[in-house]
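The values are calculated or read from the model by the stated rules, or taken from the named source; none is laboratory data. What you see is a predicted model; the values in this text were computed from it and never measured. Please note: Cβ atoms are built from the backbone with ideal geometry, for glycine as well, and neighbour counts cover all protein chains shown.
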There are 2 protein chains.
Amino acid sequence: MPFHTHTLANGLQIIGETSPSARSAAIGFFVRTGSRDEIQAVSGVTHFLEHMIFKGSERRSYLDVNRDFDRIGAHYNAYTSEENTVFYAAILPEYLPQAVDLLADILRPSLRTEDFEMEKKVILEEIAMYDDQPTWSAYDNAKRIYFATHPLGNSILGSPDSITALKRDQMYEYFQRRYVAKNILVAAAGNFDWPAFVDLVARQCDRWEGGQPGRQGIRETPGSGMFEVMTKAKVNQEHVLLISSAPPADARLRHAADTVAMVLGDDSGSRMYWALVDPGLAESADASFHDYEGAGAYYISFSCEPGQAEENLGVTHDLLRDLQRDGITEEELHQAKSKILSRVVRGSERPMGRMQAIGMAWTYLNRYRSVDDDLRDFDAVTLRDVREVLDRYPIDRVTTLALGPLEKLPRPNGNGQK
Amino acid sequence: MPFHTHTLANGLQIIGETSPSARSAAIGFFVRTGSRDEIQAVSGVTHFLEHMIFKGSERRSYLDVNRDFDRIGAHYNAYTSEENTVFYAAILPEYLPQAVDLLADILRPSLRTEDFEMEKKVILEEIAMYDDQPTWSAYDNAKRIYFATHPLGNSILGSPDSITALKRDQMYEYFQRRYVAKNILVAAAGNFDWPAFVDLVARQCDRWEGGQPGRQGIRETPGSGMFEVMTKAKVNQEHVLLISSAPPADARLRHAADTVAMVLGDDSGSRMYWALVDPGLAESADASFHDYEGAGAYYISFSCEPGQAEENLGVTHDLLRDLQRDGITEEELHQAKSKILSRVVRGSERPMGRMQAIGMAWTYLNRYRSVDDDLRDFDAVTLRDVREVLDRYPIDRVTTLALGPLEKLPRPNGNGQK
């Protein structure tokens, strides 16, 4: 499928993969800013700002934004991660002009003080709600202790204190500094006309300030190695999350890391599935590879009856020790590849999937990656690559957080020997 | 895209929509049986049987089934509804033979007594888990009181009593009677070769008993009109669900009913969104149209702080009364169409979506429906159709269930007058 790029004079980048046989199009505005780009005093401002974007611009009130999206039947939303804030819409091809107009317009928000104070309450409720979800809470706290002083440990939502103290002008300052043209990528995929798309984006975005993009603290970390038990009496199950280091988003070894995580903790047929879920020792078990700019991590988790947590932690340490020592088998490699190739293909079948894929590839690798590029790289993973990634990033050197009713949980000895 | 059909000598039907540009294929076995086909003594047997299907056949143990699916990287699962049990897999095209072999093989399960007793515990846990989910519990109980003696009111999961009492031989009898060739449709979509597919299915399925398909109690119902408050002290929010009657799955007016539900209760920009969610009166609000064989229903719901439930119920009744009396506006019709057309197109972009769509169309209409057929029919809905569907199926004649901490909730007067 044809791929195109264009850069506006102010530095804003536009990319697109056109697919004339598609029946829809997807557009995304990728702002290269997230919780890792925040200082502690404004913790949570990126996510709060994402909400404020939908509150309206000079040309549109909050009601207008909602109605204009609905009028074109757009499937639209946004999300904030540690390093990206992404606004996107999937639409029928004929509504491309309206969708670009809307997304570009709201990215220059009014940030009205009245809306800011109203939305602050929503954010505080969201923080309380997420705090009640043990899976999220375990994830957020495990990340915090693993990354320690590394900025990837910053909370995405912020704290009740930081949000309460946040002023509209602090958000405006952050917006002006981070939502600059040089920090923004616009991506489209599906059925659309490239030159017309570039014109539409340029018409609205070429007046935006170029600005100075940038990010502090890009570095790897082996993790703190801490072991913490957070007691939450109201939670029924014990949620245990182990984090170990893995390759960053642009590493050659990232495909091997994904393969290792799949063999260890995919939701069916993985080592953790057979050792913990199938025999009924744990309600759920999972391992996945998360890649960031300059760093990466494996997230390895299970949830179970509290009385079962100690044994399960022992089983998990044994699995990690065996994996670290012996790697994976040829049969496991083959099975993991089948699953990953199938996942990549299925993820590529909608313009929304392709838009996200080309946007992320451009963000992290600064180059185009076709579906076939991804398939080829996953298919090329060898047992030697798996050995190499384990040697460089030992998966059994973990930081551990347990969250649930337990008041204590014995720390297994060494690297999993019991 | 080319559509094909074939019927085996024993009555098993095979359909397929081939799309050579797709990169994957999806296959589904649609068994035309569900909770509505159960008698009370075996309540829950359909869903329990769906689980048992994955426990193995003469040729495969439970482990073999899991490993064989994983080996081909299949994305696979199954679900049981009021009237269908569907087993499906999405795969890369080269694995079609293995996928057909696996799905067809497990549909002749061994139903080993030992596996049956083990799985019974899993089902009982699943019932307890769902019972703890207020949204599901409200849905299940509202359906029960709305349909009353109509078989669509049967519980999909069954009760702890019915499952505990169920014997392996009762399940086997149900299996032999319902999983017959004449009651099964095999559908495929995406990148696959039609003649080869028919051969693969025929090779395994042509020995299956033809059997006698059939279903009792196919009729419409206006609903009981009951109003019930179920007190669950442990639940935080009050969950209120109103059901009114709507057209059945094969009715000409089904597209108008879908449009009405979208205008009333889509998750963004609908009347319920602006009246309940946007001002913060309710946490969530929703209306949707469910169509069944011979009957249909609108499900209209909200969840909120218990103290807010009475006012919200009044607001909802007002919305229903206004909608019933005045219908919808030209602008609302246009907006709903944009959303529905966009939803239909996005749902059609993967073989999995098309396989489900052609399978359901064949099940309920006994004919092929292309994406363009669906788009044309939705686009053709007029304000007169909306008036007609409201006249024939008054949306404000509701059956109501409230589930949550409240001990009582006043029933609004008449059809929503306060």
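When you scan region B:79-91, do you find a residue that is under 22 Å from A:Trp274 (Cβ atoms), buried (at least 21 other Cβ atoms within 10 Å of the Cβ) and touching a Phe, Trp or Tyr at 6+ places or on another chain (Cβ under 6 Å), even just one?
Yes.
Sort out for me the helices (runs of 4 or more DSSP H) sitting completely within region B:116-218 that have 2 or more residues that are under 27 Å from B:Ala357 (Cβ atoms).
B:134-147, B:194-205
For region B:245-258, name all the residues that are buried (at least 24 other Cβ atoms within 10 Å of the Cβ) and polar (S, T, N, Q).
none
Just to confirm my filter: which helices (runs of 4 or more DSSP H) fall fully inside region A:283-383 and include at least 2 residues that are within 14 Å of another protein chain (Cβ to nearest Cβ) and buried (at least 18 other Cβ atoms within 10 Å of the Cβ)?
A:330-347, A:351-365, A:371-379
Could you tell me whether region B:193-204 includes any residue that is surrounded by fewer than 18 Cβ atoms within 10 Å (Cβ to Cβ), under 30 Å from B:Gly314 (Cβ atoms) and either of a type in the set (A, V, I, L, M, F, W, C) or in contact with a helix residue (DSSP H, G or I) (Cβ under 9 Å, 6 or more places away or on another chain) (or both)?
No: zero hits.
Between B:Leu409, B:Leu403, which is in a strand (DSSP E or B), at negative phi and out of contact with any Gly (no Cβ under 8 Å at 6 or more places or on another chain)?
After applying the criteria, what remains is B:Leu403.
Look at region A:311-341 and say how many of its residues are in contact with a strand residue (DSSP E or B) (Cβ under 9 Å, 6 or more places away or on another chain) and under 21 Å from A:Ala249 (Cα atoms).
The number of residues fulfilling the criteria is 1.
Would you confirm, using the coordinates I've provided, whether A:Ala25 is in contact with a helix residue (DSSP H, G or I) (Cβ under 8 Å, 6 or more places away or on another chain) and of a type in the set (A, V, I, L, M)?
yes
Which number in (1) under 30 Å from A:Leu341 (Cβ atoms); (2) more than 13 Å from every other protein chain (Cβ to nearest Cβ); (3) not polar (S, T, N, Q) marks the one condition that B:Asp131 misses?
Exception for B:Asp131: condition (1).
Out of B:Thr135, B:Thr149, which single residue is more than 23 Å from B:Ala233 (Cβ to Cβ), surrounded by fewer than 18 Cβ atoms within 10 Å (Cβ to Cβ) and at pLDDT below 95?
Among B:Thr135, B:Thr149, only B:Thr149 is more than 23 Å from B:Ala233 (Cβ to Cβ), surrounded by fewer than 18 Cβ atoms within 10 Å (Cβ to Cβ) and at pLDDT below 95.
Can you go through B:Ala336, B:Ala287, B:Ala309, B:Ala295 and tell me which one is in contact with an Asp or Glu (Cβ under 7 Å, 6 or more places away or on another chain), within 30 Å of B:Ala189 (Cβ to Cβ) and aliphatic (A, V, I, L, M)?
On inspection, the qualifying residue turns out to be B:Ala295.
Hey, among the residues in region B:104-115 that are surrounded by fewer than 21 Cβ atoms within 10 Å (Cβ to Cβ), more than 23 Å from the chain's Cα centre (by Cα) and more than 14 Å from chain A (Cβ to nearest Cβ), which one's farthest from B:Met171 (Cα to Cα)?
Among those residues, the one meeting the criterion is B:Asp105.
Yes or no, residue by residue, for (1) in contact with a Gly (Cβ under 8 Å, 6 or more places away or on another chain); (2) surrounded by 22 or more Cβ atoms within 10 Å (Cβ to Cβ); (3) modelled with pLDDT of 95 or more:
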position	(1), (2), (3)
A:Asn10	yes, no, yes
A:Gln13	no, no, yes
A:Ile27	no, yes, yes
A:Gly34	no, yes, yes
A:Phe54	no, no, yes
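Would you check which residues across region B:9-18 are more than 26 Å from the chain's Cα centre (by Cα) and not aliphatic (A, V, I, L, M) and list them?
Residue satisfying the conditions is B:Asn10 alone.
Would you confirm whether any residue within region B:257-280 is hydroxyl-bearing (Ser, Thr, Tyr) and either in contact (Cβ under 8 Å) with a residue 60 or more places away in the chain or part of a strand (DSSP E or B) (or both)?
yes
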